[in-house]
1. Please go through (1) within 30 Å of ASP113 (Cβ to Cβ); (2) modelled with pLDDT of 95 or more for THR77 and return the number of the only condition it doesn't satisfy.
2. State yes or no: is SER58 modelled with pLDDT of 95 or more and surrounded by fewer than 11 Cβ atoms within 10 Å (Cβ to Cβ)?
3. When both residues are 6+ apart or on different chains and their Cβ atoms are under 7 Å apart, which pairs have a first residue that lies in the stretch 66-86 and is closer than 26 Å to GLU120 by Cβ, and a second that is surrounded by fewer than 10 Cβ atoms within 10 Å (Cβ to Cβ) and at pLDDT 80 or above?
4. Of all residues being of a type outside the set (Val, Ile, Thr) and under 18 Å from SER83 (Cβ atoms) in the stretch 97-124, which is surrounded by the most Cβ atoms within 10 Å (Cβ to Cβ)? Just the residue, please.
5. Out of (1) modelled with pLDDT of 95 or more; (2) more than 29 Å from the chain's Cα centre (by Cα), the odd one out for MET22 is which?
6. Any chance you could count how many residues in the stretch 82-109 are among the charged types (D, E, K, R) and touching a helix residue (DSSP H, G or I) at 6+ places or on another chain (Cβ under 6 Å)?
7. If you go through the stretch 5-45, how many residues are among the small types (Gly, Ala, Ser) and exposed (fewer than 10 other Cβ atoms within 10 Å of the Cβ)?
8. At least 1 residues that are closer than 25 Å to LYS133 by Cβ in each: list the helices (runs of 4 or more DSSP H) lying fully within the stretch 1-120 that qualify.
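The values are calculated or read from the model by the stated rules, or taken from the named source; none is laboratory data. Since the structure is predicted, the reported quantities are computational estimates derived from the model, not experimental observations. Backbone-built Cβ (ideal geometry, glycine too); neighbour counts: all protein chains shown.
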Amino acid sequence: MTKPDARKQLSSVWQLALEDLMAMSESEIDAELKELGLDPAIVAQKGKKAVDDGFAQSRALRRARLREKMTSAHARTTTPRDSTVTVDLARQRLAQMQAANDARLTLAARNRDPKNMTDEEVLDLFWQIEELKR
């Protein structure tokens, strides 16, 4: 039979210590702490702070991971903008979509004449529709 490795041995020691601690009453724990020269109230405060800090770190890590996932998802959904698409080409394609009564256009976009839209509005609408195609 092979000897358990050090990690398993340490895990067993921690598990046994935890089981012993959980089996003790609060007064027994206080007595043990006093024997070690520790104030039970201070140890309790430090323990509570350690648990609170652990939860705070866990929440911060979770938020960071979610933020990273959101950023990653947003980066994937963005359609690369082709620099060869000019404002005139975008206006022409929007006019064609309006003429075809394309369902990708909102009611507001269907009722606006691309000729009366600013260059920025035309390009924004064009790229929004391109993203919907994906």
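1. (2)
2. Judged against the criteria, SER58 is a match.
3. none
4. Among those that are of a type outside the set (Val, Ile, Thr) and under 18 Å from SER83 (Cβ atoms), it is LEU123.
5. So the condition that MET22 fails would be (1).
6. Counting residues in the stretch 82-109 that are among the charged types (D, E, K, R) and touching a helix residue (DSSP H, G or I) at 6+ places or on another chain (Cβ under 6 Å) gives 2.
7. In the first step, residues of the stretch 5-45 are kept if they are among the small types (Gly, Ala, Ser); the result is 6, 11-12, 17, 23, 25, 27, 31, 37, 41, 44.
Subsequent filtering for residues that are exposed (fewer than 10 other Cβ atoms within 10 Å of the Cβ) retains 6, 23, 25, 27, 37.
So the count comes out to 5.
8. 40-77, 87-99, 107-111
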